[in-house]
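The values are calculated or read from the model by the stated rules, or taken from the named source; none is laboratory data. Keep in mind it's a predicted model, so treat the numbers as computed, not measured. Neighbour counts are summed over all protein chains in view; Cβ atoms, including those assigned to glycine, are modelled from backbone coordinates with ideal geometry.
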Amino acid sequence: MREELIISGRMNPMVDPTLNIWHWQIPLYLFVGGVAAGILFFASLYYIMGREKKYPAAIKWAPMLTPFLLIIGLGALFLDLNHKAFFWQLYLHIRFESPMSWGAWALLVITPLSIVWSATWMKEVFPGWHWKYPILEELETFFIKYRFVIAWIMLLYAVILGVYTGILLSAFNARPLWNTSILGPLFFASSLSTGAAVIMLMAKSHLERNIFSRIDLIMIAIELFLIVHMFMGFQASTQVQIDAANMFLGGPYTEVFWIFVVLIGLILPAFLEVLELIGYKIPIVITSTLILTGGIFLRFIIVYAGQASRYLYE
């Protein structure tokens, strides 16, 4: 007989009759939130370094997408809630031991910041832009004056949001696949990679595209290292974590993970970027699309496979 041991969560009848399953809303949020975090990280970092003229796509153009990405992510989270009318209760207190509390407050800060940041560049990105109301012109002047301060705050919260997308999962000890500290750095590296892919796609300057291609190569190398290290750690751990790793090493998630995440999402775009750097003309839309495809598959596979991993005793 095989028994499944539930480490967390009450299974008392009429209290918690079933464990809620995470569907497409959660990995979609993890993906769009990660992309937004990556874009905002580069935007704030290079603005602080004084590179707004050298990297306009990173600092001015790509961040225009982040409010929409974050709103899509928030919408996905809202759809996943069972008690939608009470979401505001998350903001009545802060629980420092809760990753969800950290995430909720980080989103509350970085979403309006992304809107403010984009608004301060509207007149440069869209020549001829004028705010309809005088108060908006005054607010724009105020935020431009303190843009450097905004950049530092945004940099901090971009890091928190990027790492949080992995820590959200690793906090669930009941799922062996998620029970690893590697997920936070892995998802953050993926956030920077997908953010760089969007910037490359929007960059008009060959120099800017070249710089972010090099950055992305570094991020891909880090991701590959972390993935290998994660599976090595699982294989050297307890039987349940060995079983979790085996889901990707001959199990049901083997083909989809190694083909769509590792091969298509990491190795192939890295190969194309190397060709681009040594002089071959590779359409950037192909490389960026592959990177984004790998990023979204990584989130979906880790979320679904994590829910399938479990503690079993004979």
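Couple of notes before you dig in:
- Among the candidates F187, F172, residue that is among the aromatic types (F, W, Y), surrounded by 14 or more Cβ atoms within 10 Å (Cβ to Cβ) and touching a helix residue (DSSP H, G or I) at 6+ places or on another chain (Cβ under 6 Å): F187
- F225 vs. criteria surrounded by 21 or more Cβ atoms within 10 Å (Cβ to Cβ), modelled with pLDDT of 90 or more, under 19 Å from L186 (Cβ atoms) and within 22 Å of the chain's Cα centre (by Cα): no
- When the stretch 24-46 is filtered for residues that are buried (at least 24 other Cβ atoms within 10 Å of the Cβ) and within 15 Å of R147 (Cβ to Cβ), the ones remaining, listed by number, are L40, A43, S44.
- The stretch 241-297 - residue that is part of a helix (DSSP H, G or I) and among the small types (G, A, S) and, of those, farthest from T180 (Cα to Cα): S288
- If you go through the stretch 282-298 and pick out every residue that is small (G, A, S) and within 11 Å of V198 (Cβ to Cβ), you end up with 2.
- Check on T180, among the β-branched types (V, I, T), crowded, with 24+ Cβ neighbours inside 10 Å and either in contact (Cβ under 8 Å) with a residue 24 or more places away in the chain or in contact with a strand residue (DSSP E or B) (Cβ under 7 Å, 6 or more places away or on another chain) (or both): no
- Subset tally (residues that are in a helix (DSSP H, G or I) and free of Cβ contacts under 8 Å to residues at least 40 places away in the same chain) for the stretch 26-73: 3
Let's see how each residue does on (1) under 21 Å from I211 (Cα atoms); (2) surrounded by fewer than 20 Cβ atoms within 10 Å (Cβ to Cβ):
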site: F234; (1), (2): no, no
site: N246; (1), (2): no, yes
site: W258; (1), (2): no, yes
site: L266; (1), (2): yes, no
site: I286; (1), (2): yes, yes
site: T289; (1), (2): yes, yes
site: I296; (1), (2): no, no
site: R299; (1), (2): no, no
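- Condition check for T111: over 16 Å from G34 (Cα atoms), of a type in the set (S, T, Y) and part of a helix (DSSP H, G or I): no
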